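Below is one structure, written out as C-alpha cells; the observations come after it.
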Amino acid sequence: MNCSTNNPAARRYMWRFSVTMLLYILFLVLAVWVFVHHHPTGPLAWLLALLPALAIIGQIAAFGMYLAEEKDEFQVALGVKSMLWGIGGTLAVTVVWGFLENFVHLRHLDLILVYPLFCILSGLAFGLLYMRYR
Amino acid sequence: MKNRLRVLRAEREWSQADLAQRLEVSRQSVNAIETGKFDPSLPLAFKLARLFETTIEKIFSDEG
C-alpha cells in the first residue's frame, strides 16, 4: 500500500484503520473491565464479548474498501498479494498447530490470536514485496 | 514483458516520479512496469500510449 500523503485512498485507509484500532482497544478494555468487575451474563455478556470482534471486522472491511478505492493497480496488486501470503501463512500455521495440539498435546492456540497472526504475516509479506519492487 | 518505457522517458527527460505523476500512479508502480516486474492492465497501457503519443505495440513487446 502506498502510504504517501498524496494518495487519497491510502489516506482514507489509514484514517479508517486508526479509528477501528482505537475502537478495538477501547472495546477490549471496556469488555475486560466489565467482565472482571461485574461478571455480566446473558445478552450483555454476548454484546461485550462481540464488541472487540466487531472492531476487527471493521478493520478487515477498511482494507477491502481500500482495495476497491485505490486507483493505482500496482498498489492493489501489492495489497492483494500481501493479503494472500498472510492468509496462506495463517492457514499453514494454524493447521500445523491444530494437528500438533491434537496428536502431541501442544499448548492450545487461542482463536483470538489468529487475526494478529494474519496481520503480522501480511505485514511481513508487504514489507518483502515492497523491497522487491522498490 | 519487455518495454521501451525507460527510453521513451529519457527522450522527454522525465524522471520516474514525473511519469508517475502524469499517470496518477506511484513511482514504485512506474519502476515495477519499467523493469518488467509488473504488467500493466490494458487501460493503463492505453494511457501510457496516449501519453507518449504512440501505440501500445511500440511500447510493449511480448518477445523474450
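The values are calculated or read from the model by the stated rules, or taken from the named source; none is laboratory data. Quick caveat: nothing in here was measured; it's all calculated off a predicted structure. Glycine gets a Cβ as well: all are built from the backbone with ideal geometry, and neighbour counts include every protein chain shown. Side chains are part of the model used for accessible areas, which takes the heavy atoms of the whole protein and leaves out ligands, DNA and RNA. Shrake-Rupley method; radii C 1.70, N 1.55, O 1.52, S 1.80 Å.
When we screen A:76, A:96 for residues that are within 14 Å of chain B (Cβ to nearest Cβ), assigned to a helix (DSSP H, G or I) and free of Cβ contacts under 8 Å to residues at least 12 places away in the same chain, the only hit is A:76.
Test residue A:104 against the criterion of being among the hydrophobic types (A, V, I, L, M, F, W, C), in contact (Cβ under 8 Å) with a residue 12 or more places away in the chain and open to solvent by 30 Å² or more (accessible area, probe 1.4 Å), and give yes or no. No, not satisfied. Can you find even one residue in segment A:65-81 that is more than 23 Å from residue B:28 (Cα to Cα) and out of contact with any Pro (no Cβ under 7 Å at 6 or more places or on another chain)? For segment A:65-81, residues more than 23 Å from residue B:28 (Cα to Cα) and out of contact with any Pro (no Cβ under 7 Å at 6 or more places or on another chain): absent. The set of residues in segment A:107-134 being more than 14 Å from chain B (Cβ to nearest Cβ) and in contact (Cβ under 8 Å) with a residue 40 or more places away in the chain consists of A:115, A:122, A:123, A:125. Within segment A:5-16, is even one residue assigned to a helix (DSSP H, G or I) and farther than 21 Å from residue A:123 by Cβ? Within segment A:5-16, one or more residues are assigned to a helix (DSSP H, G or I) and farther than 21 Å from residue A:123 by Cβ. Inside segment A:19-74, can you point out the residues that are hydroxyl-bearing (Ser, Thr, Tyr), farther than 20 Å from residue A:114 by Cα and out of contact with any Phe, Trp or Tyr (no Cβ under 7 Å at 6 or more places or on another chain)? Answer for segment A:19-74, where residues must be hydroxyl-bearing (Ser, Thr, Tyr), farther than 20 Å from residue A:114 by Cα and out of contact with any Phe, Trp or Tyr (no Cβ under 7 Å at 6 or more places or on another chain): just A:41. Somewhere in segment B:32-50, is a residue open to solvent by 20 Å² or more (accessible area, probe 1.4 Å), more than 14 Å from chain A (Cβ to nearest Cβ), more than 15 Å from residue A:75 (Cβ to Cβ) and over 9 Å from the mean Cα position of the chain (by Cα)? Checked segment B:32-50: at least one residue is open to solvent by 20 Å² or more (accessible area, probe 1.4 Å), more than 14 Å from chain A (Cβ to nearest Cβ), more than 15 Å from residue A:75 (Cβ to Cβ) and over 9 Å from the mean Cα position of the chain (by Cα). The residue list A:71, A:81 contains one member that is open to solvent by 90 Å² or more (accessible area, probe 1.4 Å) and within 14 Å of chain B (Cβ to nearest Cβ), which is A:71.
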